[in-house]
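Participant: After the structure tokens below, expect a handful of questions from me.
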Amino acid sequence: GEWDIGELIYQSFNGDILHFAGLAFLLVALFKKCKMPVLTMGGVAVLMQIAGALLSRYFPVSEGWSYVVGLFYFVGNCYFPLLQWFIFPVAGIIFAKYLRHVTDKDRFYRSVLGISAMLILGLCSALAFAGYDMRNFYMLKGDVYYQQEFFHSVFALLVILIELALLYFVTKKINIKAINNTVNYISAKLNTIYIIQWMLVGTATFVVMMAG
């Protein structure tokens, strides 16, 4: 079609999940180098998210700068900004720290399931009573989903904990060896799968666009 320098810049420099992953790995490495306790890391992640939400709201930047600044807090053109999304990998690190020491996993996951279900029910009930539109937790329109704020993340983490607990009990009923083999294969081939996936998505999108 017609030449569009803005579209070329966007397609070349917009930030996505891999940019976030790289920044998150680097930041975790820095925290470990500083011998920061895992729970302290969690507290820092919460403060980072609050800071990211405030910066996103009160400190917009120009289109050009958004490709750099957007890697750290949401200003458009970059998704999964570090400040607002770092809470998720840190939550995983904290969960793993305690999971390693669990001897009775059945009891542990029953507790996780029960407590998480009660908390998410209480959270949703309180927010519904306050008139809050809970579609903001997962809505893509207006890039709302990528502008993570504290309650968004609490909701998402509770959903994840419920899912983990349910998956634990489901996997006890089916062939564990087959699951492990599948997970090991996917893990070993993750980069290849990721690249091929996006080649397929990109090609399919192009075909759909050309077909009108």
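The values are calculated or read from the model by the stated rules, or taken from the named source; none is laboratory data. Note that the structure is a prediction, hence the values are computed from the model and not measured. Heads up, the Cβs are rebuilt from the backbone with ideal geometry, glycines too, and the neighbour counts pull from every protein chain shown. To get the accessible areas, we keep the full protein, side chains included, count just its heavy atoms, and leave off ligands, DNA and RNA. Shrake-Rupley method; radii C 1.70, N 1.55, O 1.52, S 1.80 Å.
Participant: So what is the relative contact order for the chain, in percent, with contacts set as C-alpha pairs under 8 Å and at least six apart? Spell out each step's value before the answer.
Facilitator: On the way: 159 pairs, mean separation 39.2, N = 212.
Averaging sequence separation for qualifying contacts and normalising by length gives 18 percent for the chain.
Participant: Another question, if that's okay. Could you pull out every whole DSSP H run in the chain that spans at least 20 Å of Cα extent along its own axis and averages 0.5 or higher on the Kyte-Doolittle scale? Walk me through the numbers before you get to the answer.
Facilitator: Working: long enough: 17-33 (24 Å, 1.77); 38-58 (30 Å, 1.40); 105-129 (35 Å, 1.07); 150-171 (31 Å, 2.26); 190-210 (30 Å, 1.54).
Span-like helices here: 17-33, 38-58, 105-129, 150-171, 190-210.
Participant: Which of rounded, prolate, oblate describes the stretch 138-212, given a ≥ b ≥ c as roots of the alpha-carbon gyration tensor eigenvalues and a/c under 1.5 marking rounded, otherwise prolate only if a/b is larger than b/c?
Facilitator: On the way: a/c = 2.67, a/b = 1.17, b/c = 2.29.
Cα axes put the stretch 138-212 in the oblate bin.
Participant: Just how far, in whole angstrom, is the stretch 143-212 from the stretch 37-54 if you go by their alpha carbon centroids?
Facilitator: 25 Å
Participant: Here is a follow-up. Please say if the chain is rounded, prolate or oblate, where rounded means a/c under 1.5 for a ≥ b ≥ c the square roots of the C-alpha gyration tensor eigenvalues, and otherwise the choice is prolate for a/b larger than b/c and oblate otherwise? Walk me through the numbers before you get to the answer.
Facilitator: Details: a/c = 1.61, a/b = 1.31, b/c = 1.23.
Taking the square roots of the gyration eigenvalues as a ≥ b ≥ c, the chain is prolate.
Participant: Place a +1 charge on the Cβ of each Lys and Arg in the stretch 1-122 and a -1 charge on the Cβ of each Asp and Glu, then give the dipole magnitude about the Cα centre in debye, rounded to the nearest 20. Provide the component values of the computation, followed by the final result.
Facilitator: Numbers: 9 positive and 7 negative charges, 212 e Å.
Dipole about the Cα centre, nearest 20: 1020 debye.
Participant: Something else about it: Could you size up the charge dipole of the stretch 67-212 around its Cα centre, putting +1 on the beta carbon of Lys and Arg and -1 on that of Asp and Glu, and report it in debye to the nearest 20?
Facilitator: Numbers: 11 positive and 6 negative charges, 124 e Å.
Roughly 600 debye for the stretch 67-212.
Participant: Number of Lys-Lys pairs in the chain under 19 Å by Cα, sequence gap 8 or more or different chains? Provide the component values of the computation, followed by the final result.
Facilitator: Values: Lys32/Lys97; Lys33/Lys97; Lys35/Lys97; Lys97/Lys105; Lys105/Lys172; Lys105/Lys173; Lys105/Lys177; Lys177/Lys189.
Lysine pairs meeting the criterion: 8.
Participant: When only the heavy atoms of the protein chains count and the probe is 1.4 Å, how do Trp198, Trp65 rank by accessible area, highest first?
Facilitator: Details: Trp198 125, Trp65 160 Å².
Ranked from most to least accessible, the order is Trp65, Trp198.
Participant: Could you work out the helix-only [θ] at 222 nm for the chain, with each DSSP H run of four or more residues adding -39,500 (n - 2.57) and the total divided by the number of residues, to the nearest 500 deg cm²/dmol? List each step's numbers first, then the result.
Facilitator: Values: 10 runs with 152 residues, N = 212.
Calculated from helices alone, the mean residue ellipticity at 222 nm is -23500 deg cm²/dmol.
Participant: Ordered by packing density, taken as the mean number of other Cβ atoms within 10 Å over each peptide's residues, highest first, how do 201-209, 146-154 rank?
Facilitator: On the way: 201-209: 9.7, 146-154: 18.1.
Output ranking for 201-209, 146-154: 146-154, 201-209.
Participant: Does the stretch 73-162 classify as rounded, prolate or oblate by the C-alpha gyration tensor (a ≥ b ≥ c root eigenvalues; a/c under 1.5 gives rounded; else a/b over b/c gives prolate, otherwise oblate)? Could you put the intermediate results ahead of the total?
Facilitator: Working: a/c = 3.43, a/b = 1.41, b/c = 2.44.
Since a/c reaches 1.5 but b/c is at least a/b, the shape of the stretch 73-162 is classed as oblate.
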